[in-house]
Structures are given as structure tokens and as C-alpha cells.
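Enquirer: The structure is given below, and queries will be raised subsequently.
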Amino acid sequence: MKFYRKSLTILIFTSMIGISQFSSYAKASGTDSSTKIDEILQMIHTNHLSDASKEELTNAAIKGMIDSLDDPYTEYFTNEEQSQFLNVINQDYLGIGITMDHDDKGVYISEVATGSSAEQAGLLKGDYIHKLNGNKLNHTNVNLLFTEALSKKVEGSTITLSINRGNVVKNFVVPLRKMEYPIVRSKTLAEDIGYLALSSFSADADKAFTTALAELESKGMKALIIDLRNNGGGYIETAKAIATHFMKDQVLMISRNKDDIERSIMVNGGKKATYPVIIMVNENTASASEIFAGAMQDYKLAKVIGVNTYGKGVTQNIMTVFNGGALKITTEEYFTPNRHSVNKKGIKPDIEARGDVEQMIEAYYAAGAKSVKLKLTKTEYSLNHAQFVGYGSEAFIVKEKDILVPTRLIMAILDGNVTMDHVSKSLVFTKKDMKEKLSLNSTNIVIRDGISYVSPSFIQSKFPQLDWSYKNSTVTLEASQ
């Protein structure tokens with residue numbers, strides 16, 4: 001799943017952080033250093049040919065100091081930039097209410113939010129976006145074009161989309177509105193498995209999490225899948241509050257400052273869950289998400305499934321500058337309760353699974369599911385009748401009279417594994433004590449964009465636990481443990 005599919009609104013791409021919910025004031029003092037800086041600033045302003053303003057020089061000096069730290073997380077914000085940053089954390093944006101994906105035909109709308117300006121303007125799921133404000137759009141520039149189109153806009157501003165709908169081209173002028181991307185999404189899956197996706201550890205995310213969790217528990221949930229994929233973090237206090245549903249009087253994280261002074265952030269009170277917990281992560285799971293997942297993993301309170309996380313193991317404070325703006329500054333490095341370093345390393349999952357749908361299937365089995373039925377199209381999929389946003393252009397390949405699906409996906413359905421045998425140049429399919437090899441030269445295999453696809457008919461002939469069909473542009477794959 002591509003990253004821009006996750007953004008319903010403005011596609012502001014800022015790495016979220018683990019931050020403390022307080023700010024302090026920084027007042028300039030008349031030290032020799034500051035006097036020298038002021039003196040040089042005045043000299044340049046008065047004499048340099050460029051006629052640079054004092055504000056321009058001050059901002060350049062600030063940028064130079066921050067750049068010298070070689071720290072991507074320390075930033076100076078103007079008041080407007082600080083407001084935008086906090087809106088990102090709290091998932092509060094200007095936007096039109098669409099998510100997007102792409103295939104070989106171009107970028108298309110994979111979801112239209114109910115009640116959004118996009119829906120009211122008449123945009124439909126499956127529409128291909130040909131142009132944005134007159135600029136041709138493709139999967140390589142979609143993020144950049146939308147970011148530029150929505151930058152510095154106010155509510156009521158409009159963007160123009162040129163849409164291909166079948167053989168018809170239509171233009172839509174769509175107004176921007178304040179939107180809140182849902183912080184928590186939850187549903188009950190088959191076999192009484194709860195699913196709870198958390199998109200940010202925003203200021204109020206713990207309240208929404210608590211409400212959704214209580215509703216799942218009231219329905220007799222027997223296991224819980226927490227989806228932290230593409231969750232860039234947020235507030236440490238929020239992670240601490242959410243952890244109280246699973247941890248009891250335990251350390252959430254250990255932090256260390258520049259003087260090597262350590263402190264333990266505790267989860268006080270709290271309780272332990274009476275059901276299995278599965279946490280899904282990916283390469284965009286960062287900061288507060290890693291704090292929570294790392295603690296749950298250390299205490300064996302949850303199994304972590306996915307790929308290695310981002311590796312943002314430092315925290316920031318936001319300090320208000322007395323003369324305007326704010327400084328987001330890195331103040332501490334943190335470690336998991338068992339003192340595992342996270343920074344530039346990330347959290348290593350207990351079960352590695354690549355691909356959005358494959359991760360969901362692995363989590364479903366880990367939560368105790370006995371069977372999986374997957375219906376897969378190019379825009380969406382359902383897992384045991386629960387609907388999720390699509391798989392994308394790599395979902396499957398139609399080849400003459402045959403269908404080929406990703407090898408990792410089909411083996412995930414079988415609760416098995418696929419590896420490469422470089423010596424024999426073949427793929428090895430494994431399920432418990434069953435093992436089959438298939439040469440890369442076989443007509444049953446296609447390699448496209450680094451992804452291997454295999455004929456379900458071949459897999460079914462070797463692993464009869466698999467059932468499959470293809471009808472109405474939908475692949476159905478089903479297997480039981």
C-alpha cells in the first residue's frame with residue numbers, strides 16, 4: 001500500500017514525534033556570544049550588497065545553528081508552521097476527502113470519504129485523476145503536486161481535478177474543507193477477533209481508543225489486532241494512557257538526556273488484557289508507536305507482526321520562543337523497558353510479514369483464526385467478509401487464461417512460507433512439513449517489479465488445503481489451518 005493512500009486530505013509529509021505535552025520560553029540573554037551575533041547581523045544588514053533584511057538574516061542564522069546539529073527532528077517553526085505541525089499530529093487538515101492508489105492506467109481514487117467535499121462534488125471511487133490544477137499527474141509526482149496545490153490554502157479555496165471515468169473526461173472544481181482523519185477505526189472480524197487501527201498518538205487518541213476498545217470487548221472479543229502501520233507517533237502521554245489497557249505498574253520506556261541522566265516513564269495502575277494481543281507495524285511505524293510496541297513486546301504482552309519499524313528513538317520538546325515562533329528540539333534518547341536501543345534500529349517484529357494484506361492475514365492467524373477467506377480486487381479486499389481499502393496494481397496478474405497472485409500472499413493464506421533457493425534458481429514453498437520447489441523458468445511464475453507471482457492452480461495441486469476462484473475481476477483465495 002503506497003503512503004499517499006493513507007492521507008485523506010492534504011498530504012503534509014512530516015515525521016511525527018514522541019513529544020512531551022508542555023512548552024517553555026526561551027529568553028535571549030546579553031552574553032558575549034549573542035552580542036557578537038547581533039553585531040555581525042547588523043554589519044551584514046547595513047553593508048551587504050544583497051540588502052538582506054534583519055528577519056531574513058535571523059532566520060538564516062537559526063537555520064545554520066540547527067543544520068549544524070545534523071538532527072532531522074530539531075526544527076524552528078514560525079507561529080503558522082507550529083500550528084500546521086500540531087494539526088498534523090492531531091490529524092486535523094484542509095482537504096477534499098479522498099485516498100488514492102495507482103495501477104498501470106494511472107492514479108485512481110480508491111476511497112471517497114462520506115460527507116466530504118469530494119463526494120458532494122461528484123467524485124467517485126475508481127475515477128482516474130489525469131490532471132491536478134492543469135498539471136499532468138502520475139504515481140511519481142502525485143504527492144508533490146497535491147502538497148503544492150494545498151500549501152498555504154484556506155478553507156473554501158478550491159482545486160481542479162481532471163478525471164477519466166471510463167471513456168469520458170470530466171473536470172471537477174472541489175473546495176477544501178477542514179477535515180479530521182479518523183484517529184481510530186475499529187471492527188469485529190470473524191471468529192470474534194477485534195481489529196483496531198490507530199493512525200496517530202494525538203492528544204485525544206487515548207479517549208477514542210478507550211471507547212473503541214470497550215465496544216469491541218462488549219461484543220465478546222476473544223483476541224485483538226492493533227494496527228500501528230503508518231502511525232508516525234505523537235504524544236508520549238497518549239502512549240502511556242493507551243498502555244494502561246494492557247500494562248500494570250510497569251515501565252513504558254527509559255529515557256536518557258545529554259548528561260546521561262536516566263528516567264523511567266511508568267505506567268501506573270492499569271490492567272493486563274485477558275485476551276491475546278497482536279500489533280501490526282511497518283517501516284512507517286515510528287516514535288510513540290515504537291515506544292508502545294516495544295514495551296508490549298518486551299513484556300510479552302503482544303506479538304509484533306510486520307517489518308522492522310522506522311527507528312526514531314529520540315524525543316522532542318516544543319519550546320516557545322519569547323520573540324516569536326517555537327523550537328522543536330531533541331532532548332532525550334529512549335530505550336525499551338529491556339533497554340533495547342530504538343534509534344536508527346527500530347523494533348524487530350516477532351513474525352516478519354511483508355505486504356499490507358499478507359500482514360493482515362498473518363495477524364489474523366496469530367490472533368487464533370482457523371480459516372481465512374480473501375476476496376481480492378485491484379482496489380479493495382475483504383478478509384472473512386470484513387472490508388479493507390485496496391491492495392493496488394500488484395494484486396494479481398491476468399495472463400491469457402490463467403491468473404497469477406503474489407507468492408507471499410498465497411503462502412500467507414496457507415499459513416506457510418516462500419523462500420528463494422539461489423543455487424537451483426527456484427522458489428521453495430513450505431507449509432509445516434510440506435515443501436515444494438518451482439523453477440523460476442516455469443510458466444507458472446512471473447516476476448514483475450521485483451514481486452514474484454505464481455499460478456494458484458499450481459499451488460492448489462501441491463497444497464490441496466487451498467481453494468481459489470476468479471470471477472468478475474475478483475480473486476478468491478481460501479484455506480484452513
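Enquirer: Taking the Cβ of ASP192 as the centre, find all other residues whose Cβ is under 13 Å away and add up their charges (Lys, Arg: +1; Asp, Glu: -1). Before the final figure, lay out each step's value.
Expert: Working: positive: LYS187, LYS219, LYS222, LYS370; negative: GLU191, GLU217.
Here the count lands on +2.
Enquirer: Right, another one. Once the Cβ-Cβ distance between VAL168 and ASP103 is put in as r, and R0 is 25 Å, what FRET efficiency do you end up with, to the nearest 0.05?
Expert: Working: r = 19 Å, r/R0 = 0.75.
Rounded to the nearest 0.05, the efficiency is 0.85.
Enquirer: For labels at ASP433 and GLU262 in the simple 7 Å Cα→Cβ model, what's the distance in nm?
Expert: According to this spin-label approximation, the distance is 4.7 nm.
Enquirer: Okay, next question. Looking at the chain, send over the antiparallel percent of its DSSP beta bridges, to the nearest 5.
Expert: On the way: 90 of 112 bridges.
Taking every DSSP beta bridge with both residues in the chain, the antiparallel ones total about 80 percent.
Enquirer: What's the ranking of 455-462, 309-316, 73-80 by average number of surrounding C-beta atoms within 10 Å, highest first? Don't jump to the answer; show the numbers that get you there.
Expert: On the way: 455-462: 18.6, 309-316: 23.5, 73-80: 15.6.
Highest mean packing first, the order is 309-316, 455-462, 73-80.
Enquirer: Residue-wise, which Karplus ³J(HN,Hα) couplings in Hz belong to the stretch 284-300, taking 6.51 cos²θ - 1.76 cosθ + 1.60, θ = phi - 60°, and x for glycine or proline?
Expert: Karplus values, whole Hz, x for Gly and Pro: 9, 7, 9, 6, 4, 5, 6, 4, 5, 5, x, 5, 4, 5, 4, 8, 6.
Enquirer: Would you calculate a helix-derived [θ] at 222 nm for the chain, using -39,500 (n - 2.57) for each DSSP H run of n ≥ 4 and dividing by the full residue count, to the nearest 500?
Expert: Working: 11 runs with 113 residues, N = 481.
One gets -7000 deg cm²/dmol as the mean residue ellipticity at 222 nm.
Enquirer: Relative to the longest principal axis of the chain, what angle (0 to 90°, nearest 10) does the C-alpha long axis of helix 32-47 take?
Expert: Computed tilt is about 90 degrees.
Enquirer: Dimensions of the stretch 184-352 along principal axes (Cα, Å, largest first)?
Expert: Projected onto its principal axes, the Cα set of the stretch 184-352 covers 55, 32, 31 Å.
Enquirer: Let me ask you something else. Once amide H atoms are built 1.01 Å from N in the peptide plane, which residues 5 or more positions from ASP103, or in another chain, come under 5 Å H to H?
Expert: TYR108
Enquirer: Taking a ≥ b ≥ c as the square roots of the Cα gyration tensor eigenvalues, with a/c under 1.5 meaning rounded and otherwise prolate when a/b beats b/c, else oblate, which class fits the stretch 103-175?
Expert: On the way: a/c = 1.66, a/b = 1.16, b/c = 1.44.
Oblate shape, in that a/c is at least 1.5 and b/c is the bigger or equal ratio.
Enquirer: Compute the long axis of helix 79-89 from its Cα atoms, compare it with the longest principal axis of the Cα atoms of the chain, and write down the angle in degrees, 0 to 90, nearest 10.
Expert: Helix 79-89 sits roughly 20 degrees off the main axis of the chain.
Enquirer: What is the set of long-range amide H partners of LEU94 at a cut-off below 5 Å, with H atoms built 1.01 Å from backbone N?
Expert: MET179
Enquirer: Still on this model: If we count every other residue with Cβ under 15 angstrom of ASN167's Cβ, Lys/Arg +1 and Asp/Glu -1, where does the sum land?
Expert: Values: positive: LYS105, ARG165, LYS170; negative: ASP127.
Here the count lands on +2.
Enquirer: Multiply the residue separation of SER382 and SER151 by 0.36 nm, subtract the distance between their alpha-carbon atoms, and state the gained length in nm to one decimal.
Expert: Details: separation 231, 0.36 × 231 = 83.16 nm, distance 3.52 nm.
The SER382-SER151 span can extend by a further 79.6 nm.
Enquirer: Please list 3J(HN,Hα) in residue order for the stretch 357-369, calculated via the Karplus relation 6.51 cos²θ - 1.76 cosθ + 1.60 where θ = phi - 60°; whole Hz, with x for glycine and proline.
Expert: Couplings: 6, 4, 4, 5, 5, 4, 5, 5, 5, 4, 7, x, 5 Hz.
Enquirer: What's the local net charge at GLU436, with K and R +1, D and E -1, over the other residues with C-beta under 14 Å away? Don't skip to the end; give the middle numbers.
Expert: Details: positive: LYS431, LYS432, LYS435, LYS437, LYS462; negative: ASP421, ASP433.
Residues near GLU436 contribute +3 overall.
Enquirer: What does the convex hull of the Cα atoms of the stretch 370-480 come to per residue, in Å³, rounded to a whole number?
Expert: Here the figure is 100 Å³ per residue.
Enquirer: On a full-extension model of 0.36 nm per residue, what is the gain between ASN308 and ILE37, subtracting their alpha-carbon distance, rounded to one decimal in nm? Please list the in-between numbers first.
Expert: Values: separation 271, 0.36 × 271 = 97.56 nm, distance 4.39 nm.
Full-extension gain reported as 93.2 nm.
Enquirer: Near LYS136, which lysines are there with a Cα under 18 Å away, not counting those fewer than 8 places off in the same chain?
Expert: LYS105, LYS170
Enquirer: Now a separate question. Could you grab the relative contact order for the chain? Cα pairs under 8 Å, six or more apart, rounded to a whole percent.
Expert: Normalised by residue count, the contact order of the chain is 14 percent.
Enquirer: Okay, next question. As an exercise, take the mean of 1/r over every pair of distinct alpha carbons in the stretch 112-267, invert it, and state the Kirkwood radius in angstroms.
Expert: Values: mean 1/r = 0.0518 Å⁻¹.
This gives a value of 19.3 Å.
Enquirer: Where Rh denotes the Kirkwood radius from the mean inverse Cα pair distance, what is Rg over Rh for the chain? Before the final figure, lay out the partial values.
Expert: Working: Rg = 25.2 Å, Rh = 24.9 Å.
Using Cα coordinates only, the ratio equals 1.01.
Enquirer: If you don't mind, there's one more thing I want to ask. What order, most packed first, do the peptides 439-451, 157-169 have when packing is the mean number of other Cβ atoms within 10 Å of each residue?
Expert: Values: 439-451: 12.4, 157-169: 13.9.
Highest-to-lowest ranking by the protection proxy: 157-169, 439-451.
None of the figures in this text is laboratory data; all of them are computed from the coordinates on show. Please read these numbers as outputs of a predicted model, since none were measured by experiment. Every residue, glycine as well, gets a Cβ built from its backbone with ideal geometry; the counts of neighbours run over all protein chains shown.
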